[in-house]
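> Structure incoming, see below.
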Amino acid sequence: MRRWYLVAAALLAVVVAATGTWFALRPEDAKPGAASCANPAAPGTEKSPATGGGIPAPGGGGLTIVEGGFAQVQDGGQVSVGAVIENNSRQVAYHTRFTLRATAAGGATALRPGQQLLIEIPFIRPGQRAIAGNVAAVNGAQKVADARIDLVETRWAPESDTESFPSIVTVLDTAEPPARDAPNVPLQVTSNSCGELAQRGAMLIYRNGGGRLVGGVYNRDRYPGERCSPGTQATRIRTFWEAPPDADPSRSEAAVLCDVAGFVPDPRESDQPVN
């Protein structure tokens with residue numbers, strides 16, 4: 001009997017050792033519970049500038065701004081601007097940059113000089129309607145006659161790489177509806193990414209009771225463990241300024257910005273985004 005136990009123990013040791021070696025040597029994404037999807041492929045460095053208000057894609061279609069709106073807030077000292085950008089191409093728009101402009105009645109700029117207003121949206125998938133929002137300081141007590149978001153440039157990913165880019169969906173947290181002028185708006189963000197992505201801030205646009213866009217805001221705060229991880233998680237966006245007078249907080253839309261490759265500043269560029 002003793003010999004039988006020794007043989008059985010030896011066989012078990014061989015099985016355990018072989019199993020351990022198999023788990024150690026096989027690819028990480030083959031282990032139980034790990035995601036099995038392709039890593040996103042960042043496109044080259046070639047940039048497509050905006051022309052005529054949009055950015056055409058090489059394969060047809062492109063980025064266009066399909067909605068816009070603004071409001072002066074903080075007793076007229078700030079202007080809140082929002083927009084919706086549609087990607088009607090068959091390619092991912094990567095590192096799309098936009099800025100904000102506002103003019104007074106005479107056509108001159110109404111913004112205080114020296115502000116950094118360039119923001120980058122990490123990626124916009126084909127068919128996606130992405131939001132864009134920001135707040136800027138008004139110069140003096142000017143009344144803003146017009147304010148809008150302007151597209152600047154993007155980089156187009158090859159159509160064959162589209163499915164390597166994850167889908168990230170941000171919604172208002174229905175368990176904690178946004179209160180008017182609350183400093184934080186609770187959100188739920190769901191990502192099907194293979195792993196942790198780089199945080200690039202968050203944006204929110206405001207709508208009135210009829211659904212018309214009446215402003216927007218950007219915040220670049222980064223919250224450890226709350227954003228850009230696979231799955232669904234609770235997070236928030238700090239709005240800093242009061243909501244536009246006509247805004248209905250329950251109709252706000254938000255977007256957590258997650259980058260597949262992170263942001264590495266190009267030292268050759270003098271104009272970098274704030275995020």
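The values are calculated or read from the model by the stated rules, or taken from the named source; none is laboratory data. Since the structure is predicted, the reported quantities are computational estimates derived from the model, not experimental observations. For neighbour counting, all protein chains shown are included, and Cβ atoms are generated from backbone atoms with ideal geometry for every residue, glycine included. Areas reflect the complete protein model, heavy atoms only, side chains present, ligands, DNA and RNA absent. Shrake-Rupley method; radii C 1.70, N 1.55, O 1.52, S 1.80 Å.
> When D181 is evaluated against the numbered criteria (1) open to solvent by less than 60 Å² (accessible area, probe 1.4 Å); (2) at positive phi; (3) out of contact with any Cys (no Cβ under 9 Å at 6 or more places or on another chain), which criterion, by number, is the only one it fails?
(1)
> Looking at V171, is it assigned to a strand (DSSP E or B) and either surrounded by fewer than 15 Cβ atoms within 10 Å (Cβ to Cβ) or free of Cβ contacts under 8 Å to residues at least 24 places away in the same chain (or both)?
Working: assigned to a strand (DSSP E or B): yes; either surrounded by fewer than 15 Cβ atoms within 10 Å (Cβ to Cβ) or free of Cβ contacts under 8 Å to residues at least 24 places away in the same chain (or both): yes.
The answer is yes for V171.
> Can you pull out every residue in segment 237-248 that is open to solvent by less than 30 Å² (accessible area, probe 1.4 Å) and either under 23 Å from R125 (Cβ atoms) or over 20 Å from the mean Cα position of the chain (by Cα) (or both)? Walk me through how you get there before you give the answer.
From segment 237-248, those open to solvent by less than 30 Å² (accessible area, probe 1.4 Å) are 237, 239, 243-244, 247; that's our starting set.
Passing the criteria: I237, A243, P244, A247.
> Need a quick list: strands (runs of 3 or more DSSP E) entirely within segment 59-148 having at least 3 residues that are among the hydroxyl-bearing types (S, T, Y). Write out each step before concluding.
Numbers: elements: 62-73, 78-87, 93-103, 119-124, 129-137.
Of the strands (runs of 3 or more DSSP E) lying wholly inside segment 59-148, those with at least 3 residues that are among the hydroxyl-bearing types (S, T, Y) span 93-103.
> Of everything in segment 210-236, what is open to solvent by less than 30 Å² (accessible area, probe 1.4 Å) and within 21 Å of A83 (Cα to Cα)? Give them in sequence order.
Within segment 210-236, G211, L213, V214, G215, G216, V217, Y218, N219 meet the criteria.
> Report yes if some residue within segment 114-132 is surrounded by fewer than 16 Cβ atoms within 10 Å (Cβ to Cβ), over 26 Å from G60 (Cβ atoms) and free of Cβ contacts under 8 Å to residues at least 40 places away in the same chain; otherwise report no.
There is at least one residue in segment 114-132 that is surrounded by fewer than 16 Cβ atoms within 10 Å (Cβ to Cβ), over 26 Å from G60 (Cβ atoms) and free of Cβ contacts under 8 Å to residues at least 40 places away in the same chain.
> Being farther than 13 Å from D146 by Cα and either surrounded by fewer than 24 Cβ atoms within 10 Å (Cβ to Cβ) or among the β-branched types (V, I, T) (or both) is the filter here; which residues of segment 79-88 pass it? Walk me through how you get there before you give the answer.
Of all residues in segment 79-88, those farther than 13 Å from D146 by Cα come to 83-88.
Within segment 79-88, V84, I85, E86, N88 qualify.
> While we're here: Which residues, taken from segment 24-49, are under 11 Å from R155 (Cα atoms) and either modelled with pLDDT of 95 or more or surrounded by 11 or more Cβ atoms within 10 Å (Cβ to Cβ) (or both)? Spell out the reasoning first.
Taking segment 24-49 first, the residues under 11 Å from R155 (Cα atoms) are 42-49.
Of everything in segment 24-49, those that are under 11 Å from R155 (Cα atoms) and either modelled with pLDDT of 95 or more or surrounded by 11 or more Cβ atoms within 10 Å (Cβ to Cβ) (or both) turn out to be A42, P43, K47, S48, P49.
> May I ask you to verify whether N208 is at pLDDT 95 or above and over 18 Å from A130 (Cα atoms)?
On the way: at pLDDT 95 or above: yes; over 18 Å from A130 (Cα atoms): yes.
For N208, the condition - at pLDDT 95 or above and over 18 Å from A130 (Cα atoms) - is met.
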